[in-house]
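So the structure is just underneath, and the comments pick up after that.
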Amino acid sequence: MRSWHSGKLFIAAAFMLALSSMHALAGPYLLFDVGSGRILAEEDAFKRWYPASLTKLMTAYVAFQAVRNGEMQMNSPVRISQNAAKEPPSKMGYKPGSVLTLDNALKIIMVKSANDIATAIAESVGGSEQAFVVRMNAYAERLGMTGTHYVNAHGLHSTGQYSTARDLALLVRAIRTEFPAYAGYFSIEGVRDGEREFTNYNYLIGRFQGADGMKTGYVCASGFNLIATATRGRRTLAAIVLGTHSQVERAERAAELLAQGFQKRSFAAQTLASLRPSSPDRHVATDMRPEICSAEAVAKRRGHRDEQGRLVFDSPLIRPMTREPQIVAVGLGGADGPESTAPRYADVPIPTPRPPYPGRQAVASEGD
């Protein structure tokens, strides 16, 4: 019996040591068991952060709810408006008037993280982008996401759009438990539109044991965000990692959290519902722009790539993909389902000026 307890204590101590090594440079993070909602590790889980394209998880959740409520179907049309076509990259670049299915639109925003498609989903589901944002905030409130506010469906930076690691965990758990039939949208390795091919920015997919989701996010103000899920046996864990300095760092940090988490069954008794804030500055959003989009930071990230431009990972937890990615075909057309039943409204620009986007040199290789 003593040996068993010693083993348990050793694993717990090792887990804490591994996590403590990340505290100095880490942004907020949270690791939890999706099935039970129990928290395995967290740091600054209530600290306000810019979600960037993690926003698109709520966009998908609202769309799933619309399908469940009979407002539309997965083969219903998503139309590219002039408003949607004007969104900055990352984007698909379809011309205004183009039509694709909701199914293909969701696949595209989960893999390519296309902002024009996210806006088109919002307009096609909600009747207008603003009406859709109202739904986003209503669902956030219903889920208990008390530190979250949305102003758009894509995640391009706005000071009025923010969330927390804890709130994002609530959203992840809602998606995975309420809509298990749609889990496949979050584990797609790549999509192909004609001759164009895009692979998932979540580099744990196909490279980390059991990885099955979910979404990346990046703008200068947020740093590099990642929500990563993995399933081993009957257990699914999710790691929310915010504010890292590169794609490599966010993937390796999430992989380390998940790997350590699978070694423990119930490291903490707290649940997402019982967790309470401890950080006094949780209402102040951190702006990572000076650290992320300086010329020095961009140059440093180039050092994470090999001569072919591929990311290089040092972590043994992220294995090289030894096969071609499994690609799913997407594209225009095929939208023979019913239109959304939501009233159609003309979109009025949101009266919050967007700050200038970073130059293409800073974002071209990131795009998520």
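For the reader, a short list of remarks on this structure follows.
- Interchain or long-range residues, amide H under 5 Å from residue 189's placed H: 326
- Residues in the range 46-81 that a label on residue 99 would reach, taking backbone N under 18 Å of a point 7 Å out along Cα→Cβ: 71-81
- Highest average packing first - 32-43, 179-190, Cβ atoms within 10 Å: 32-43, 179-190
- Amide H contacts of residue 213 (H built 1.01 Å from N, in plane; Pro and chain starts excluded): 229 sit under 5 Å, all sequence-distant by 5 or more or on other chains.
- Anisotropy class of the range 112-210 from Cα gyration tensor, a/c 1.5 cut: oblate
- Protection-proxy order for peptides 61-67, 317-323, each taking the mean of Cβ atoms within 10 Å per residue, highest first: 61-67, 317-323
- Set of lysines with alpha-carbon distance to residue 91 below 28 Å, sequence-local pairs under 8 removed: 56, 107, 112, 215, 300
- Listed values for the range 220-232 are Karplus-derived 3J(HN,Hα) couplings in whole Hz (6.51 cos²θ - 1.76 cosθ + 1.60, θ = phi - 60°), namely 4, 5, 8, x, 9, 9, 8, 10, 10, 10, 8, 10, 10, and x replaces Gly and Pro.
- Rough spin-label spacing in nm, given labels placed 7 Å along Cα→Cβ, for residue 321 and residue 69: 3.6 nm
- Integer Hz, Karplus 6.51/-1.76/1.60 couplings in order for the range 125-131, x for Gly and Pro: 7, x, x, 6, 4, 5, 5
- With N counted as the residues of the range 193-269, its alpha-carbon radius of gyration over 2.2 N^0.38 Å works out to 1.19.
- Apolar share of the accessible surface for the range 57-150: 49 percent from carbon plus sulfur atoms, 1.4 Å probe.
- Sorted peptide list for 301-311, 227-237, criterion being average Cβ within 10 angstrom, highest first: 227-237, 301-311
The values are calculated or read from the model by the stated rules, or taken from the named source; none is laboratory data. Everything quoted here is computed from the prediction, not taken from an experiment. FYI the Cβ positions are ideal-geometry reconstructions off the backbone, even for glycines, and counts take in every protein chain you see. When the accessible area is computed, the model is the full protein with side chains, heavy atoms only, and any ligands, DNA or RNA have been set aside. Shrake-Rupley method; radii C 1.70, N 1.55, O 1.52, S 1.80 Å.
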